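Enquirer: I'd like to ask you about the structure that follows.
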Amino acid sequence: GIGRVWWMDDKGVLKKKFRKLGLPVAKGGAHFSLMGAKLEFASIGGTAIVKPHSGSASRHTTLHITDEKELGRAFAVAKVVAPFAVVEEELAGPVFRATVVNGKFVAMLRRDPPHVIADGAHTIRELVEEANKNPKRSGPYFSKMTLDPAALAELAWQGLAPESVPEKGRRITLNQKVNWSLGGTTADVSDGVHPDNIELFERATKILKAPINGSDFISQDPARSWKEQEKCGFLECNSMPFFDNHHLPFEGKP
């Protein structure tokens, strides 16, 4: 990438720079010692996530941390792969990918973790079996969902089990990660993005001096201004984002 800033793909540096410039990012920081991690956790106040400072493609990330015991466990997991562990507030809402080309916002996808929507009649196990019949889930992009140990833990966090029959319309997630290999899906939501949010993605790209930018952004609703949402923010920016995910959404128009 000619001319783009060196720190574009470094999550830690990007967050620091964005925070200074008033762009929304999660509160938190990287820590070498558990003592530092505990102080950070206390200052965040609320639910946190812990992840390694670099690499690992979300494998050593722990979510929904609400007490020091869980924090200690998550810190140890993150330290297996990196000397520093990042402790930060858990933002609220799905992950969106906003793509900017030549300074202009062009498209937005919602990246959904594996999930089912309850109908009030069937068990979660039955809903998963039904959803897995979708031909799009037989590859090459999207995969079938599984009720593996990670899914059972995520269900338990929601007070559910595979044999539960949740109320109609309730959205049940089977994993916090949005990876396609785990049964995650995408939906095009390019229409109706709030002008403030479009301006934010274009401004971030200008700061990064990047011809192309794929921003991963958490928000409860991209149709509402980021200024009116408390726990929204940039997760990372990508200088070489995949375009095919916009061409092949699971739901919505390419």
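Enquirer: For segment 54-109, give me the residue count where each residue is surrounded by fewer than 14 Cβ atoms within 10 Å (Cβ to Cβ), under 20 Å from Phe32 (Cβ atoms) and under 20 Å from the mean Cα position of the chain (by Cα).
Expert: Summing the residues that are surrounded by fewer than 14 Cβ atoms within 10 Å (Cβ to Cβ), under 20 Å from Phe32 (Cβ atoms) and under 20 Å from the mean Cα position of the chain (by Cα) in segment 54-109 gives 1.
Enquirer: Out of everything in segment 187-236 that is within 21 Å of Ile49 (Cβ to Cβ) and aliphatic (A, V, I, L, M), what residue ends up being modelled with the highest pLDDT?
Expert: Among residues in segment 187-236 that are within 21 Å of Ile49 (Cβ to Cβ) and aliphatic (A, V, I, L, M), the one modelled with the highest pLDDT is Ile218.
Enquirer: Same structure, new question: Return yes when Glu154 is surrounded by 13 or more Cβ atoms within 10 Å (Cβ to Cβ), within 23 Å of the chain's Cα centre (by Cα) and among the acidic types (Asp, Glu) and no when it is not.
Expert: yes
Enquirer: Surrounded by 20 or more Cβ atoms within 10 Å (Cβ to Cβ) and within 16 Å of the chain's Cα centre (by Cα): does that describe Ala26?
Expert: Considered against the rule, which asks whether it is surrounded by 20 or more Cβ atoms within 10 Å (Cβ to Cβ) and within 16 Å of the chain's Cα centre (by Cα), Ala26 comes out as yes.
Enquirer: Quick check, is Ala121 buried (at least 20 other Cβ atoms within 10 Å of the Cβ) and either modelled with pLDDT of 95 or more or not in a strand (DSSP E or B) (or both)?
Expert: Spelling it out, it is not the case that Ala121 is buried (at least 20 other Cβ atoms within 10 Å of the Cβ) and either modelled with pLDDT of 95 or more or not in a strand (DSSP E or B) (or both).
Enquirer: Exactly one of (1) assigned to a loop (DSSP other than H, G, I, E, B); (2) surrounded by 15 or more Cβ atoms within 10 Å (Cβ to Cβ) is unmet by Pro140. Its number?
Expert: All conditions are met except number (2).
Enquirer: Of all strands (runs of 3 or more DSSP E) completely enclosed by segment 169-250, which ones contain at least 1 residues that are surrounded by 18 or more Cβ atoms within 10 Å (Cβ to Cβ), touching a Phe, Trp or Tyr at 6+ places or on another chain (Cβ under 6 Å) and of a type in the set (Val, Ile, Thr)?
Expert: 185-188
Enquirer: Starting from segment 225-244, keep only residues that are hydroxyl-bearing (Ser, Thr, Tyr), then list their pairs with residues that are open to solvent by less than 80 Å² (accessible area, probe 1.4 Å) and assigned to a strand (DSSP E or B) whose Cβ atoms are within a distance under 8 Å, requiring at least 6 positions of separation or different chains.
Expert: From segment 225-244, the pairs are Ser239/Ile212; Ser239/Asn213.
The values are calculated or read from the model by the stated rules, or taken from the named source; none is laboratory data. Because the structure is predicted, anything quoted here is derived from the model rather than measured. Positions of Cβ are generated from backbone atoms using ideal geometry, with glycine treated the same way; all protein chains shown enter the neighbour counts. Surface areas here come from the heavy atoms of the whole protein model, side chains and all, with no ligands, DNA or RNA. Shrake-Rupley method; radii C 1.70, N 1.55, O 1.52, S 1.80 Å.
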